[in-house]
Amino acid sequence: MIDSLTEKADQRPPCVLIAEDDQALRELLAFALYRAGFSVASCNNGLRLLEMLENGIDDRSTAVDIVITDLRMPAMTGLEVLQALFDRPERPPVICMTAFGDAKTHQTAIRYGATHTIDKPFDIDEMIELVRAVCKHKKITKE
Amino acid sequence: MRLTIRITAAVMLGIVLIFSLYSYLSIQREREQLKKNLSREARNLGEALLFIVEDLLVVRGEDAAMAFLARRNQLNPALQARWVWLDAPTGSRFHPLVEISELDALARRKPLSLMVSSQNGHDFLLTYLPTLSKDGRLGAIEVRESMDELHGYVQESMRRSAMVVGAAVVSGLMLMAVLGSLWINRPVRHLREQAERIGTGDFSARVQVGGRDELGKLAHTIEQMRSQLALAREAEEQATREKIETLETLRHTERLATLGRLSAGMAHELGTPLNVISGRAKLIASNELSPAEAAHSAQIIGEQAERMTRIMRQLLDYARRGESRKQRVNPCELLKKVVELLASVAQKQRVEITLECPEDPTPYVRADPAQLQQVLLNLALNGIQAMEQGGELSLGLRIAEPWVQLQVRDQGRGISAEDLPHIFDPFFTTKEVGRGTGLGLSIAHGIISEHKGQIEVQSTPGQGSCFLVNLPAFEVGAADEV
C-alpha cells in the first residue's frame, strides 16, 4: 500500500508552490516552471502560503514538493513563514528570493531553514536549474 | 584730559588763594609799619617846630611865628605844618582841619595822630602836638602829611604780588599740561584704546602700561581680563569646532545610512521588474512560444519598463525637488481643494471626508501652495487607501503656537509600532507591490522640513492614523524667501 502510493507520487510531476506578491514575477515563474515540466501553484502573500502548506493545494492528495518564496510580502513575510515551519520534519525544501541581497539576510534565511537563497534579479534558467537540482536532491535523500 | 584740567584748576585755585592771603597780610603789615614811621616822623617834626613856634610867639609875636611856619612849609610841600587854636571859631585860619570834638586828647596835653580823607579822595595823616600859651589858651601844631606815597607803595606791592601769582599760575599750568599728558593722558588714552579693542572682540594685543601707580594696576587688571577672555574664546571656538566636526561626522553617517536605505529600496523596487523583463525576454528568445504567448510576454516587458520609468521619475522628483516659491497661503482653502479633488476617489471607497476650519481668525502660513497641496493630497490619499472597508477621513486645522497645525486623520488599519519609525524613509512601503513606491511620505517630509515645519504621526493599529503637519505661522513683514 505504501509502495504503490510512493510509486504514484513519483510518476506525477513535482509540484512547485510559488509565493510572490508581484503579479508579473509570479506569472513569469509559474509560466517558466510549467513549461519546464513542473506542476505549479501560487499565492501572493505569506499567510496564504502557510495555509496552502497546511491544507494542501486543491485537496489533501497534492503534496507540495518545493516552495519558492519572496522574503518581503504582505500579511506574513517569508522569514515568518520559515519560522512557522521550522520544527516540522516533513516540510518541503524552500528557495528564498530576496532583493536586499546582503549577506545577513541570506544567513538569516538559511538559519531559519531555507534550502537556498537567490538574489533578485535572477536568471530564469538558473532558477529552473536550481529547482530541478533541489528536486533531484530530495528524491535521492528519500531513496 | 578733563581729569587733568580739574586737578590743575583745584591746585591753581589753592595757590592763588594762599598767595593772595599771604600778599594781603604782608601788605597790611607793611602799611601799618609805614604809617607808624610816617606818624613818628611827623611827630618829630612837630615837636621841633613846637619849640621854635612857642619861643617865637613869646619873643616876637604871633605874626612872626606864623611867617616862620609859612617859610618852613615852602621847604617841603608834602609835609605842611600849621598853628591852630582849639578855641578858634569855625572858618578862621587857626581852626583845626577836623572837628574840635575829635581832638579831646589834646585837652589832656597828649599828642594825637589821625587819618583824614579829603573831599578830592586824598588821604592825610594829621598829627597834633598841644601846648598852653601864657594867657592859658590851648594851641597846637598841626602837621599834615599826604598819604599818596603810602598808597603808591601799597599799589606797587599789590601789582608785584599779582604778577607773582600770575607767573605761578602760568608756569603751574604749563607744568601740569606736560606732566598731565605724560602721567595721565597718555596711559589713559592707551588704556581706552585697548579696552575699546577688547570690546570689539580683538584680544590679540597685550595691554601694556608700565608703572606701579593706579593706572599701572588698572592696566594689569585689564590685561588679566583680556587674557581670560582670550582663553575663554579659544575654548569656545574649540568647542564649536568639535561640535561642527561631530555634526559633520553625524551628517556623513546619516548620509551613508540614507544612501543604504535608498539603495535597498531601489534594489527592491527595480529588482523585481528587471527580473520579469529578463525572464520574459529569455522566454521570447527561446523561440518556443506561440505567437500569442510571445506577444503577451512582450507586452509584460513593456509594462515593467514603464513601471521602472515611473519609479525613476519619482526618485528624481524626490532628489531634485524644485525651489519652492513661498507666499501667504490660507491652508483652509488648500484643504477645501484637497477635499474637492478626492471626492470621487473617496466615494468609490465609501470614505466620507469631513473638514473643520476655524473661520476667525484665519491662520495663514508661508508656504509653496503647490507643494503643500501635494503633501496634503498624499496624506489624504494614504488615509483613504488605509480604509479598505470605508470610514471617515477628517481634515482639520488649528493654531498650536507657534505653529499652524494641519491634521489628516483616518480610521484605517493603522501603522504597526515597528513600521512607525520608518514610514518617512524613502522606498519604505507597506502597500502591495505596484500600489506605492514608498516615496510619497519621504517627499512630504522633505517638503515640510524645507518649509521649516514638522510632520508627525500618531497611530494605533486597527484604529487609524493621524498625521499632523506643523507649519510656521505667516508673519507680516517677513522677508520673502526664494
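Where a number appears in this text, it was derived from the coordinates with a stated rule and is not lab data. All values reported here derive from a predicted model rather than from experimental measurement. Because the Cβ atoms are built from the backbone with ideal geometry, glycine has one as well, and the counts that use them run over all protein chains shown.
Okay, here's what the table says:
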read-out	value
Inter-part distance where the range A:82-143 and the range B:248-271 are each reduced to a Cα centre, Å	28
Neighbour-count ranking [beta-carbon atoms within 10 angstrom, fewest first] of B:ARG72, B:ARG328	B:ARG328, B:ARG72
Disulfide-incompatible cysteines by the Cβ rule (no partner under 4.7 Å) in the protein assembly as shown	A:CYS15, A:CYS43, A:CYS96, A:CYS135, B:CYS466
Footprinting exposure proxy for B:ILE423, B:ILE100, B:ILE141, B:ILE399 (fewest neighbouring C-beta atoms within 10 Å first)	B:ILE399, B:ILE100, B:ILE423, B:ILE141
Spacing of the two label points (7 Å from each Cα toward its C-beta) at B:THR460 and B:ALA48, in nm	14.1
Between the range B:1-53 and the range A:30-47, the Cα center-to-center distance that results, in Å	140
Considering only the protein assembly as shown, percent of DSSP beta bridges that pair antiparallel, nearest 5	65
Estimated inter-spin distance, A:GLN83 and B:LEU25, nm [label 7 Å along Cα→Cβ]	11.4
Most mobile listed residue (A:ILE18, A:ILE68, A:ILE124) in chain A, GNM with C-alpha springs under 10 Å	A:ILE124
Residues whose placed amide H lies under 5 Å from that of B:GLY391, excluding near-sequence neighbours	B:VAL351, B:GLU352
Inter-site label distance for A:ARG91 and B:HIS122 at 7 Å from Cα along Cβ, in nm	15.1
Estimated FRET transfer efficiency when R0 is 60 angstrom, pair B:ALA177-B:GLN74 (beta carbons, to 0.05)	0.50
Extension gain from B:ARG350 to B:SER157, taking 0.36 nm per residue of separation minus the Cα-Cα distance	57.1 nm
Gain in span if fully extended, B:GLU293 to B:ALA167, counting 0.36 nm per residue against the direct Cα distance	32.5 nm
Exposure proxy ranking, count of Cβ atoms within 10 Å, fewest first, for B:THR249, B:THR429	B:THR249, B:THR429
Difference of contour (0.36 nm per residue) and Cα-Cα distance, B:ASP104 to B:GLU388	87.8 nm
DSSP H segments from chain B that extend 24 Å or more along their own axis, Cα-based, with Kyte-Doolittle mean of -1.0 or above	B:2-59, B:148-180, B:214-285, B:291-319, B:331-348, B:369-386
